[in-house]
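J.: Please find one structure pasted underneath; my questions will follow.
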Amino acid sequence: MDISSYVLLSHEQALQRRMDVVANNLANVSTTGFKRELPMFEEMVKPSEGEVPQDSKPVSYVLDHGAVHDSRGGGFNATGHPLDVAIDGPGYLGVTLPNGGTAYTRAGSLAVQDDGTLVTATGQPVRGEGGGAIRIPPDAAGRVAILTDGTVNGPSGPLGRLSVTRFGDESVLTARGDGLLDARSPGKELSAADTKLHSGGLEGSNVQPIVETTQMIEVLRAYQTSQHLADAIADLRKRALDRLSSFRN
């Protein structure tokens, strides 16, 4: 395989990656708190080996550096449920995993388990201020409100405060595949003064279907162009072989 074929292969692999990201964004257009992903690519220039002609051009390939999350917030969808919360601004709710680790989410659909633990819609305990769980006494069930600063208020007063963690670099967050995010490095737990929540509703996905559909069309057209170039290179190679064979005869 010659250099031109390697360059085209590098380009097509990058296009496939872009298409995977776009398809995943469209699949999560209705997912609560979902942040659209943006692929990250970098040009790698490979130095030529041996003697280089003066009019030669550098050969560049595409490097895939994964994807980052678009941190812009989604719209607020009112539900009327007092335990549904949406984060206004940056930050993530912390949840405790079965192995004791911590994951993060923007999906604030909360509920109370039979033992009184405040959990997410998928059953993970929500982390309170300082990392502990928040428990609702039986006599407070159905009479709990979540204030703007994250305080979980019962009929007799505060029962705890939701922990909201902010990450200065969103690229440290990676999707787990279960609606949660893992963090490769710790973030900063926001104070009550810096926390702003809206209760009675959920944050929608920030995916814009029209934008993603346009991206998909651009990827398809770029792939078609790449295929045309591959066909042209194959035709050029065939004509070169035909000429060589005619010289031998």
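We did not get these values from a lab; they are worked out from the coordinates using the rules stated. Predicted, not measured: the structure shown is a model, and the values here were computed from it. Cβ: placed from backbone, ideal geometry, glycine included. Neighbour counts: every protein chain shown.
J.: For the chain, build the charge dipole from Cβ charges (+1 Lys, Arg; -1 Asp, Glu) around the Cα centre, then report which of GLY157, THR225, ASN24 sits farthest towards its positive end.
T.: THR225
J.: Calculate how steeply helix 209-248 sits against the longest principal axis of the alpha-carbon atoms of the chain, using the helix alpha-carbon long axis, and give the answer as 0 to 90 degrees to the nearest 10.
T.: 20
J.: How big is the gap, in Å, between the Cα center of region 83-128 and the Cα center of region 193-210?
T.: Comparing the Cα centres of region 83-128 and region 193-210, I get a distance of 15 Å.
J.: Hey, another quick one. Let me check against my output: what whole-number percent is the relative contact order of the chain, with C-alpha pairs under 8 Å and at least 6 apart?
T.: So the answer I get is 25 percent.
J.: For the chain, set up a GNM with springs between Cα atoms under 10 Å and report which of LEU202, LEU97, LEU118 has the largest fluctuation.
T.: Fluctuation is largest for LEU97.
J.: Something else about it: For region 86-183, what is the relative contact order in percent, using Cα pairs closer than 8 Å and at least 6 residues apart in sequence?
T.: So the answer I get is 26 percent.
J.: Follow-up. Using a Förster distance of 35 Å, how high is the FRET efficiency between ALA222 and SER171, based on the Cβ-Cβ distance and rounded to 0.05?
T.: Using R0 = 35 Å, I get an efficiency of 0.90.
J.: So if we plug the beta-carbon distance of ASP194 and ALA78 into 1/(1 + (r/R0)^6) with R0 = 22 Å, what FRET efficiency do we get, rounded to 0.05?
T.: Rounded to the nearest 0.05, the efficiency is 0.35.
J.: Mean residue ellipticity at 222 nm from the helices of the chain, using -39,500 (n - 2.57) per DSSP H segment of n ≥ 4 over the full residue count, to the nearest 500 deg cm²/dmol?
T.: Rounded to the nearest 500, it is -9500 deg cm²/dmol.
J.: For the chain, what is the charge dipole size about the Cα centre, in debye to the nearest 20, if Lys and Arg each add +1 at the Cβ and Asp and Glu each add -1 at the Cβ?
T.: My answer is approximately 200 debye.
J.: Against the longest alpha carbon principal axis of the chain, how many degrees, from 0 to 90 and to the nearest 10, is the axis of helix 3-27 turned?
T.: So the inclination is approximately 20 degrees.
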